[in-house]
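Encoded as structure tokens, the structure appears first; notes follow it.
The values are calculated or read from the model by the stated rules, or taken from the named source; none is laboratory data. Fair warning: this is a prediction, and the values are worked out from it, not measured in the lab. Glycine also receives a Cβ, built like all others from the backbone with ideal geometry; neighbour counts cover every protein chain displayed. Surface areas here come from the heavy atoms of the whole protein model, side chains and all, with no ligands, DNA or RNA. Shrake-Rupley method; radii C 1.70, N 1.55, O 1.52, S 1.80 Å.
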Amino acid sequence: MIAKLLCLVFASIIPFMFSLNGEFVFDDSEAIVKNKDVISASWLDPFKNDFWGTSIKSNLSHKSYRPLTILSYRLNYLLNKELSPLQFKATNLFCHVACCVLIWMSYDCIWKRVKMRYIDKNHAVDVPFIAAILFSVLPVHVEAVCGAVGRADLLSAITFFVSFLIYDKAVKTKSMLNIYLFISIILAGASMLFKENGITVLGISCVYDLLINIKFRLKGRLKSQNKINDNINVHVDNKCVYRIACVILCAMILLYARWIVMGGTKPEFKPTDNPTAFSDDLFTKVATYNYIYFLNIILLIWPQWLCYDWSMGCVPLIRNILDYRIIFVLSLYLYGFFFIISIATTRSNCPFKRIKLLAVSLMVIPFLPAANIVYPVGFVIAERILYIPSSGYCLLVSIGLYKMKKKYNNYFKIFEICFTFIICILALKCWQRSYDWQNEYQLYTNALNVCPLNAKVHYNVAKVADAKYHPDWALAEYKEAIRLYPEYYQAMNNLANLLKNQKKYEEAERYLRISLHYKNDFPAAWMNLGIILAHTGRYNESQIAYKNALRYRKRYPDCFYNLGNLYLELNKTNDALENWFHAINLNPKHVSAWTNLLALLDNTGQLEKALQIIPKALEELPETPLIHFAIANIYGKIDEYDKAEKYFIKAIDLFQNRVQAIHYANLGVLYHRWKKYDLASQMYKMALKIDSKFPSALKNLHNLERLKNKTN
């Protein structure tokens, strides 16, 4: 037993270790890095907002209510005093190991309860352990384990299987006042607060209870060896009926409570999130949804095509019956039909019949919330959604291996070798895929091979290409995203920013105006249009654009900053100062706003006001070189040379490889005024090493040498 446990732990850790040294990727940014609930001083905020930090009752909310998952992120933050990707990912890996162990225990519980131990007396195949090993290395789990956002699925799965195991204890208890039943239902509610599909454990528990307690009794005798009298009496224990009734009632109460928390409204998604849901044609909806179910099963069986995002054209809609993909849908249902026939023709009390039904239930029931049956979901395919349903798939595969052992016992060594080889291949695939989840560059570029028709994939590749200073590649990817989805206003906005940086203002303005045509209340596009209009000297139009941006997003620090820059250009210094103050009030760590504010106060002689805000600037941005440089200039103006020197040296240390000639030149001026001529000369020469034609350094060094000559 210990050896098997160590083997399972090893199998569930090693394939996923590659991502531990990675970064926050994809949805991690919105759910963790930008989510104020993770670092909020209040522990109650996660219960008021959705998973992404938006008020759960807002029309903009996706209604993903997972407060307990957010609290787990808070614990990570409090333990490390910062948002450490390593700690978040290590916690996820630990949760995956715990879940694998719990699933092994659940499989073992099911195997024993359906009385398979009486059939498998020789323990020829350890089905529970084999199923758990397979579960531990499924490549489709990489997203849940390596993406910090996947914590929701992992914690939901842990409480899901703990609830199931405790429900099994409730089944064994003879008393009607069943404490285990109560604990199991409470844990199901907790599982739902980690992620929505956790509530489905109550459905699994009902099926489990029914399958292990239902009895089929013949009223007559067997007519022949192979034929059973049709007169069968079905008997279910009263306690079983009572437990199922309690579970159904509690499930309804929990779901109603969830509906109330959501504000009594369904989530609203965009056509780009789930194109099938917005189709007006019933055939298209039904056919495409069924094809998506087929793809989910394929990802379990043959995980060759793994992608972080399947929206925006990744799975084209099936619009007519001649689409070749209909064959796959029909094959899915044909297999389902034969499966039902095989179940129906098996003896009523056969343990195989019961365990196969349980395995199928484990696949289907936890998947139902994502099946677009009750209401549309905000994705096409999400691999992390398959974390719990895959447990049913693993159990089915292991049952198949057990049956092969019984039927082909003489050749079973070959099957064992093949299965071990498959486990190794899957573990290697996990290892490879976890490498993709190390950072966004690898994750996004890999997706181009799987979903080349997905506009969002090209959009995200463009963002990482821009971040790595490949503007031409970024331009090409943004244009491809717009070609695939002509209404992609976010891509147009980002493309316009790139063109603006290349001083292609006319083309940038055209893309921004098209973007605003598709979404007039897009604050970022209005702000960027204001920047371009200011660059081209159309100041009145620029001011109108900035005002529009602030009308649609009142708390917009970047827009206040840029509006302040516009007022500075118009020589309205008081208005500029006011807008920069607005920017730092909304975002106290806005480096550019602080820098411009301090510089303008310095240039306009408002040194007293500058001295008042310096402590706040240093408190918010203690390691920002631009702030130290601006403060040094201010102290130099009021002849506080010691303080000025300290901040100049600190700024130069912080700039490191980014230090410029002006930084040494200004320190040289300080020493010059301080009459430390040798140090001044050294600083001017340092400035000229960086830029041999830097005018102020050349002039001041020349004046200093003349002064030295006169003195001599």
**Request:** Quick one: which residue in Ile614, Ile627, Ile584 is more than 36 Å from the chain's Cα centre (by Cα) and of a type in the set (Val, Ile, Thr)?
**Result:** Ile614
**Message:** Please determine whether any residue of segment 537-547 is in contact (Cβ under 8 Å) with a residue 24 or more places away in the chain, among the polar types (S, T, N, Q) and over 26 Å from Leu60 (Cβ atoms).
**Reply:** yes
**Request:** Could you grab me the full set of residues in segment 278-289 that are more than 18 Å from Tyr375 (Cβ to Cβ) and open to solvent by 50 Å² or more (accessible area, probe 1.4 Å)?
**Result:** Asp281, Phe283
**Request:** Show the residue pairs that are 6+ apart or on different chains and have beta-carbon atoms under 8 Å apart, the first residue being within segment 99-114 and without any contact (Cβ under 8 Å) to a residue 60 or more places away in the chain, the second being acidic (Asp, Glu).
**Result:** Cys109/Asp168
**Request:** Output the residues belonging to segment 186-212 that are open to solvent by 20 Å² or more (accessible area, probe 1.4 Å) and either in contact with a His (Cβ under 9 Å, 6 or more places away or on another chain) or over 21 Å from Val364 (Cβ atoms) (or both).
**Result:** Ile186, Leu187, Ala190, Leu193
**Complete:** Of those in segment 290-304 that are over 16 Å from Leu134 (Cα atoms) and either open to solvent by 50 Å² or more (accessible area, probe 1.4 Å) or touching a Leu at 6+ places or on another chain (Cβ under 8 Å) (or both), the residue modelled with the lowest pLDDT is Gln304
**Asked** Residue check: is Asn520 open to solvent by 50 Å² or more (accessible area, probe 1.4 Å), within 32 Å of the chain's Cα centre (by Cα) and closer than 25 Å to Tyr489 by Cα?
**Response** yes
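For every residue, the table says whether it meets (1) touching a residue at least 40 places away in the same chain (Cβ under 8 Å); (2) part of a loop (DSSP other than H, G, I, E, B).
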residue: Glu268; (1), (2): yes, yes
residue: Asp273; (1), (2): yes, yes
residue: Asp280; (1), (2): no, yes
residue: Val286; (1), (2): no, no
residue: Tyr291; (1), (2): no, no
residue: Cys307; (1), (2): yes, yes
residue: Met312; (1), (2): yes, yes
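Residues are listed down the side, and each one gets a yes or a no for (1) of a type outside the set (Ser, Thr, Tyr); (2) in contact with a strand residue (DSSP E or B) (Cβ under 6 Å, 6 or more places away or on another chain); (3) open to solvent by 30 Å² or more (accessible area, probe 1.4 Å); (4) under 27 Å from Thr272 (Cα atoms):
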{"residue": "Asp472", "(1), (2), (3), (4)": "yes, no, yes, yes"}
{"residue": "Tyr488", "(1), (2), (3), (4)": "no, no, no, yes"}
{"residue": "Leu499", "(1), (2), (3), (4)": "yes, no, no, yes"}
{"residue": "Asn540", "(1), (2), (3), (4)": "yes, no, yes, no"}
{"residue": "Lys547", "(1), (2), (3), (4)": "yes, no, yes, no"}
**Prompt:** For segment 367-386, does any single residue satisfy the condition of being at pLDDT 80 or above and over 30 Å from Lys63 (Cβ atoms)?
**Reply:** no
**Asked** Considering only helices (runs of 4 or more DSSP H) fully contained in segment 627-712, which possess at least 1 residues that are touching an Asp or Glu at 6+ places or on another chain (Cβ under 7 Å) and closer than 25 Å to Ala599 by Cβ?
**Response** 641-655, 661-673
**Item:** Matching helices (runs of 4 or more DSSP H) fully within segment 488-587 where at least 2 residues are over 30 Å from Glu477 (Cβ atoms)
**Value:** 539-552, 557-569, 573-586
**Message:** Being over 30 Å from Leu396 (Cα atoms), within 15 Å of the chain's Cα centre (by Cα) and open to solvent by 10 Å² or more (accessible area, probe 1.4 Å) is the requirement here; does Val25 meet it?
**Reply:** no
**Asked** Glu440: under 30 Å from Ala465 (Cα atoms) and open to solvent by 30 Å² or more (accessible area, probe 1.4 Å), yes or no?
**Response** yes
**Request:** State all residues of segment 457-490 that are aliphatic (A, V, I, L, M) and touching a His at 6+ places or on another chain (Cβ under 8 Å); if no residue qualifies, say none.
**Result:** Ala481, Leu484
**Item:** Qualifying position, being free of Cβ contacts under 8 Å to residues at least 12 places away in the same chain and aromatic (Phe, Trp, Tyr), among Tyr393, Tyr375, Tyr408
**Value:** Tyr408
**Complete:** Of the candidates Trp437, Trp473, the one satisfying the condition of being in contact with a Cys (Cβ under 7 Å, 6 or more places away or on another chain) and not β-branched (Val, Ile, Thr) is Trp437
**Prompt:** If you take the residues of segment 562-581 that are under 37 Å from the mean Cα position of the chain (by Cα) and open to solvent by 40 Å² or more (accessible area, probe 1.4 Å), which of them is farthest from Met527 (Cα to Cα)?
**Reply:** Phe581
**Request:** Can you tell me which residue within segment 325-371, out of those that are more than 27 Å from Phe161 (Cβ to Cβ) and among the basic types (Lys, Arg), is least open to solvent (accessible area, probe 1.4 Å)?
**Result:** Arg325
